[in-house]
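The values are calculated or read from the model by the stated rules, or taken from the named source; none is laboratory data. Since this is a predicted model, take the numbers as computed values, not measurements. Cβ placement follows ideal geometry from the backbone for every residue including glycine, while neighbour counts extend to all protein chains displayed. Side chains are part of the model used for accessible areas, which takes the heavy atoms of the whole protein and leaves out ligands, DNA and RNA. Shrake-Rupley method; radii C 1.70, N 1.55, O 1.52, S 1.80 Å.
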Amino acid sequence: MMPTGWCPGTRPVPGMLATYPRTSCVRIFFGPGDGLPPTAWSDQRQRLAQVPADADVIVSHKDPEVDAAAFVAAWQATGRTGRLILVPHHEPEQQAGGDPTPAAFRRSWTRTRSQVGDHPARHDGRLRLAVCWTLQWVRRVDAAGRRVNDWRTWWPEHESDAVDLVLADWYPYDPKARNPFRPAGYEDPAAALAIMVELSAAAGRPWGIAEINHPRITRAGDFPADLDPDGSRCADWYRRMHAWAKANGCQVWSHYHRDEGDLTDRTVEQQALRELIAQEATAPRRLAPALETLRGEIARRWPGADRTVVDATHHVDHRPNTRGSVDAIDVNVTGVDTDVLLTAFQRHPAAALWIHAGTAARADDGWTRRAYAGTDPGAGRLHLGIRPAEAAERDPRPWGLTEESGMDAKQLLALLNDPAVARQLRALPWQYIGGGIPRGMSTLGVLNELVVTVRAIGEVVAKQSADPAAVRALLPAQRADAEVMAAPTNGSGGAVDLDALADAVAARVIAALPPDPAGLSRADLTAALRDALTGLPG
């Protein structure tokens with residue numbers, strides 16, 4: 001899922017929600033002099049208070065001396081389940097309407113970081129701090145095609161650890177056009193958004209679109225030709241841009257529903273935006289394979305009905321991401337040793353976050369335990385989240401909660417019946433470091449030759465001894481060499497009953513496995529072990 005929505009512009013939020021049901025992202029802007037009022041979350045006359053509780057909210061402001069701590073506390077008190085993406089100094093590079101100098105911009109970020117950078121909601125992923133630039137400014141080039149602006153001018157390098165997200169506002173720009181800001185065609189999505197992938201990689205942060213719109217290309221819009229009089233090409237462009245962004249890591253998408261981006265009278269483009277919003281709200285979801293493994297191990301270690309829950313609303317991890325993967329489960333902790341579970345969870349490379357009983361901890365924070373900022377502290381549940389990366393989601397390694405490390409009875413039987421595995425099992429007990437065992441002989445074969453040699457030497461000594469019977473009593477049992485080579489022993493010289501041994505091992509294995517009516521039977525396992533033992537070298 002890529003949360004998708006709009007900036008309402010001059011339109012009322014309730015009306016926008018009626019036009020675009022199931023909106024999952026709304027951007028609200030506080031202009032110069034507006035500050036960052038905490039009451040905006042609770043005053044139902046204010047836009048923030050009218051936004052759905054489960055939607056992400058991108059809040060940007062222009063004033064340096066704001067109380068971000070009070071604003072975030074007021075947001076937290078509402079019990080919202082969507083993320084708050086806070087942008088200090090929206091588009092500072094415009095240098096208009098009271099925008100700061102680079103030095104003032106950096107001081108403002110230091111203030112923001114000191115107020116909310118260590119807030120528990122930021123540690124559990126619900127509060128994100130972001131920079132936001134205008135891509136027209138970043139992409140601007142001179143006659144030689146060289147960029148004339150450097151985004152690093154407005155990058156808080158000294159507080160970069162506090163930046164969670166790189167946002168930008170996308171508007172048309174083509175330096176080759178007669179009017180670079182009014183190009184005569186719709187730009188290919190890969191070319192239009194490649195700069196965002198570049199900025200994301202350079203900053204080391206994920207990216208998103210805070211504002212985007214495109215006017216229809218018609219003479220009525222001051223373009224040189226009527227390329228798209230009915231808006232169908234523009235609507236198709238929106239769909240392609242949205243799809244490319246989602247496929248290339250975009251975290252959030254907001255249409256700028258104002259001025260030329262106001263789609264109220266552009267019904268074709270409006271329908272396209274409505275479809276994109278609905279598409280994300282109903283995105284297919286599947287539990288990440290790594291969590292399926294964890295879920296299975298938990299169920300075997302602590303059986304119980306409704307032990308794990310995938311679909312929850314208390315945390316954004318339960319939303320499907322752009323790959324449709326859900327990266328969190330909730331565990332009913334009744335009867336569960338949470339210390340054992342957390343110890344195993346924190347050791348796994350894919351693990352990212354847990355929440356339980358008013359406490360949260362993240363791998364990126366060294367598993368430091370902190371107060372949980374959400375409205376559902378999880379007294380009876382344990383929230384387990386993994387890293388939102390495909391490699392982590394598909395990590396096949398077990399979590400170490402069960403002796404069989406996730407292997408069920410059928411898998412064990414298949415392994416025993418695999419000829420390659422059988423060969424390795426036969427070889428493993430006789431592996432050693434160093435030399436001395438003749439090529440082609442087993443360890444038991446060499447030991448048997450030693451027994452035969454000792455017996456032969458002992459017989460020579462006995463014949464020369466005054467008391468031959470006493471010498472012969474010290475020699476190994478007088479059995480035929482072939483019999484010694486063929487018969488496995490129990491460690492005391494006696495032959496081993498392979499059927500009894502296989503049955504005893506099978507009984508212990510079956511007892512250690514959880515009940516599985518459709519799984520491996522004791523008779524099946526005994527037969528497999530008997531075959532494996534029979535094939536062992538003498």
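Overall size of segment 109-205 from C-alpha positions, given as principal axis extents largest first: 50, 23, 19 Å. The tail of the calculated P(r) for segment 248-351 beyond 23 Å holds 45 percent of all Cα-Cα pairs. Once C-alpha pairs closer than 8 Å and six or more residues apart are averaged by separation and normalised to the residue number of segment 104-196, the relative contact order reads 29 percent. Between segment 173-238 and segment 134-160, how far is it from one alpha carbon centroid to the other, in angstrom? If we compute the Cα centre of each part, the gap is 18 Å. Sorting 463-474, 292-303 by their mean Cβ neighbour count within 10 Å, with the most densely packed peptide first, gives 292-303, 463-474. Remark: the Thr110-Ala456 segment gains 115.7 nm on full extension, using 0.36 nm per residue and subtracting the alpha carbon distance. From the alpha carbon centroid of segment 53-105 to that of segment 329-380 is 29 Å.
Here segment 6-73 has an Rg and Dmax of 12.1, 36 Å, counting Cα atoms alone.
Above 26 Å, the calculated P(r) of segment 164-288 contains 23 percent of its Cα-Cα pairs. Heavy-atom accessible surface of segment 234-352, averaged per residue, reaches 41 Å², computed with a 1.4 Å probe.
Spacing of the modelled spin labels on Asp259 and Ala18, each 7 Å from Cα toward Cβ, amounts to 2.8 nm.
Multiplying the residue separation of Glu198 and Trp367 by 0.36 nm and removing their Cα-Cα distance gives an extension gain of 57.7 nm. Among beta bridges identified by DSSP and lying wholly in segment 35-190, the antiparallel ones come to about 10 percent.
The HN-Hα couplings worked out from phi for segment 127-138 by the Karplus form 6.51 cos²θ - 1.76 cosθ + 1.60 (θ = phi - 60°) are 10, 10, 9, 9, 9, 8, 10, 8, 5, 4, 6, 5 Hz, whole numbers, x standing for Gly and Pro. Each distinct pair of alpha carbons in segment 5-163 adds a 1/r term; the inverse of their mean, the Kirkwood radius, is 16.6 Å. Share of carbon and sulfur in the accessible area of segment 79-221 stands at 50%, probe radius 1.4 Å.
Take the Cβ-Cβ distance between Asp337 and Ser521 as r, set R0 to 35 Å, and report the resulting FRET efficiency rounded to the nearest 0.05. Once rounded, the FRET efficiency stands at 0.70.
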